Amino acid sequence: MSTNKVYGDRPNDLRLRELDSRWEFDDPAFAEGIPETLSIDQSKHSLFGASKAASDLLVQEYGRYFGIPTCCLRGGCLTGPNHSGVELHGFLSYLIKCNLEGREYRIYGYKGKQVRDNIHAEDVARFMHEFYKAPRVAEVYNLGGGKGNSCSILDAFRMIESITGKKMRSCYVDENRIGDHICYYSDLRKMKAHYPLWSVTRGLPHIFSEIASGWAVRSR
C-alpha cells in the first residue's frame, strides 16, 4: 500500500481552473485525473510521502530485478464506516464526525475548494483480490475513487448537511498545509484496462451515509 503523496506537490503545478465550490484540472491530458506516469521526482513530499516513495521504488525494483509479482497501490482517500479520522488525516471521516458532534471544522487554505477522491474500503479489497487472482510484475496503480467520487471540502459540507440535517460549523485558516494537493483524483483507466471486472461500486452518497452511521453507532 503506497500513497498519492509519492507525487509530492507535483499535481499543484498542473493548470487548474476555479469553479464555484471546487478546483478542477484545466488541462485535457488530466481530464480523468492523475495518471501513474506523473513524475514523483523533484517535488515536496513531506517526510511521510518521501518514506512511502522509497518503499514504492523498492517494491517496484523487486519486481523488475527479480521478476517477482509486485504491486504498488498509490491510495488516495481510503475510507469506510470504521475509519477513525482525525484532523489532519481521514478527510471524510473526521469531517462527518465534526458535523455529527457539532464541532468546528478548520479549513486550511485554498478557499475550502481543494479536491480529493474517495474510495470505500470494500472496493480497495476487491481490487486487491483481482490482482491476487491475476498478478503482474512491478505494477503501479493509482487507487482511488476517480473523478466520479471526488469532492471538495465545500462539497462535502453540503453533502453531509443534506444527510444529517445539521449545519456544518467551520472556520477558515488562510494558510494551506505544506505540500497539500489543491486538486487530486485518480485516473482509473489503467486499473480498469488491466482488471476489467473491477469498478468502483460505492458512490459518495453511500460512503457518506455509511460513515455517519458508523460514527453514530460508536458514540452510543
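Given Arg177, Arg220, Arg126, which one is farther than 30 Å from Leu14 by Cα and in a loop (DSSP other than H, G, I, E, B)?
When all the criteria are applied, what remains is Arg220.
Tally the residues that are farther than 24 Å from Val137 by Cβ, touching a residue at least 60 places away in the same chain (Cβ under 8 Å), surrounded by fewer than 17 Cβ atoms within 10 Å (Cβ to Cβ) and under 17 Å from the mean Cα position of the chain (by Cα), restricting the search to segment 35-63.
Residues that pass the stated criteria total 1.
Output the residues belonging to segment 112-127 that are in contact (Cβ under 8 Å) with a residue 12 or more places away in the chain and either farther than 20 Å from Gly179 by Cα or surrounded by fewer than 21 Cβ atoms within 10 Å (Cβ to Cβ) (or both).
Within segment 112-127, Gly112, Ile119, His120, Ala121, Glu122, Asp123, Val124, Arg126, Phe127 qualify.
Can you tell me how many residues in segment 65-91 are within 22 Å of His129 (Cα to Cα), modelled with pLDDT of 95 or more and exposed (fewer than 15 other Cβ atoms within 10 Å of the Cβ)?
Matching residues across segment 65-91 total 3.
Kindly provide the set of residues from segment 132-167 that are aromatic (Phe, Trp, Tyr), in a helix (DSSP H, G or I) and surrounded by 19 or more Cβ atoms within 10 Å (Cβ to Cβ), ordered by number.
If the condition is that a residue be aromatic (Phe, Trp, Tyr), in a helix (DSSP H, G or I) and surrounded by 19 or more Cβ atoms within 10 Å (Cβ to Cβ), then Phe157 is the only one that fits.
Among the charged types (D, E, K, R) and under 23 Å from Gly148 (Cβ atoms), is that true of Asp20?
Yes.
Answer with yes or no whether Phe66 is out of contact with any Phe, Trp or Tyr (no Cβ under 6 Å at 6 or more places or on another chain) and under 20 Å from Arg136 (Cβ atoms). Step through it out loud before you land on a result.
Values: out of contact with any Phe, Trp or Tyr (no Cβ under 6 Å at 6 or more places or on another chain): yes; under 20 Å from Arg136 (Cβ atoms): yes.
So Phe66 fits the description; yes.
Checking the structure you have, find out if any residue of segment 136-156 is free of Cβ contacts under 8 Å to residues at least 12 places away in the same chain and either out of contact with any helix residue (DSSP H, G or I) (no Cβ under 8 Å at 6 or more places or on another chain) or among the polar types (S, T, N, Q) (or both).
Restricting attention to segment 136-156, the residues satisfying the condition of being free of Cβ contacts under 8 Å to residues at least 12 places away in the same chain are none.
No, segment 136-156 contains no residue that is free of Cβ contacts under 8 Å to residues at least 12 places away in the same chain and either out of contact with any helix residue (DSSP H, G or I) (no Cβ under 8 Å at 6 or more places or on another chain) or among the polar types (S, T, N, Q) (or both).
Looking only at segment 57-93, count how many residues are within 19 Å of Ser186 (Cβ to Cβ), assigned to a helix (DSSP H, G or I) and not polar (S, T, N, Q).
3
Name the pairs whose Cβ atoms lie under 8 Å apart, with the first residue in segment 198-220 and under 13 Å from Leu95 (Cα atoms), the second charged (D, E, K, R) and assigned to a helix (DSSP H, G or I), and 6 or more positions between them or separate chains?
Trp215/Lys97
One residue is enough: does segment 171-181 have a residue meeting the conditions among the hydrophobic types (A, V, I, L, M, F, W, C), out of contact with any Pro (no Cβ under 8 Å at 6 or more places or on another chain) and buried (at least 17 other Cβ atoms within 10 Å of the Cβ)? Steps first, answer last, please.
As a first pass, look at segment 171-181 and keep what is among the hydrophobic types (A, V, I, L, M, F, W, C): 171, 173, 178.
Going one step further and asking which of them are out of contact with any Pro (no Cβ under 8 Å at 6 or more places or on another chain), we end up with 171, 173, 178.
Imposing the further condition that a residue be buried (at least 17 other Cβ atoms within 10 Å of the Cβ) reduces the set to none.
No: zero hits.
Has segment 154-163 got any residue that is under 30 Å from Thr70 (Cβ atoms) and not charged (D, E, K, R)? Walk me through how you get there before you give the answer.
Looking only at segment 154-163, we keep the residues that are under 30 Å from Thr70 (Cβ atoms), and these are none.
Checked segment 154-163: no residue is under 30 Å from Thr70 (Cβ atoms) and not charged (D, E, K, R).
Quick check on segment 1-56: of everything there that is assigned to a strand (DSSP E or B), hydrophobic (A, V, I, L, M, F, W, C) and touching a helix residue (DSSP H, G or I) at 6+ places or on another chain (Cβ under 9 Å), which residue is nearest to Tyr132 (Cα to Cα)?
Ranking the qualifying residues of segment 1-56, first place goes to Ile34.
Can you name the residue in segment 113-123 that is acidic (Asp, Glu) and not in a strand (DSSP E or B) and is also farthest from the chain's Cα centre (by Cα) among such residues?
In this case the residue turns out to be Glu122.
Whether any residue in segment 183-192 is assigned to a loop (DSSP other than H, G, I, E, B), basic (Lys, Arg) and in contact (Cβ under 8 Å) with a residue 40 or more places away in the chain is what I want to check.
No, the conditions are met nowhere in segment 183-192.
Here's a check for you: in segment 94-112, which residue that is assigned to a helix (DSSP H, G or I) and among the charged types (D, E, K, R) is farthest from Ser162 (Cα to Cα)?
Restricting attention to segment 94-112, the residues satisfying the condition of being assigned to a helix (DSSP H, G or I) are 94-101, 110-112.
Applying the additional criterion that residues be among the charged types (D, E, K, R) yields 97, 101, 111.
Values: Lys97: 15, Glu101: 16, Lys111: 21 Å.
Once the filter is applied, the top-ranked residue is Lys111.
The values are calculated or read from the model by the stated rules, or taken from the named source; none is laboratory data. Just so you know, these numbers come straight off a predicted model, no measurement behind them. All Cβ positions, glycine included, derive from the backbone under ideal geometry; neighbour counts span all protein chains shown.
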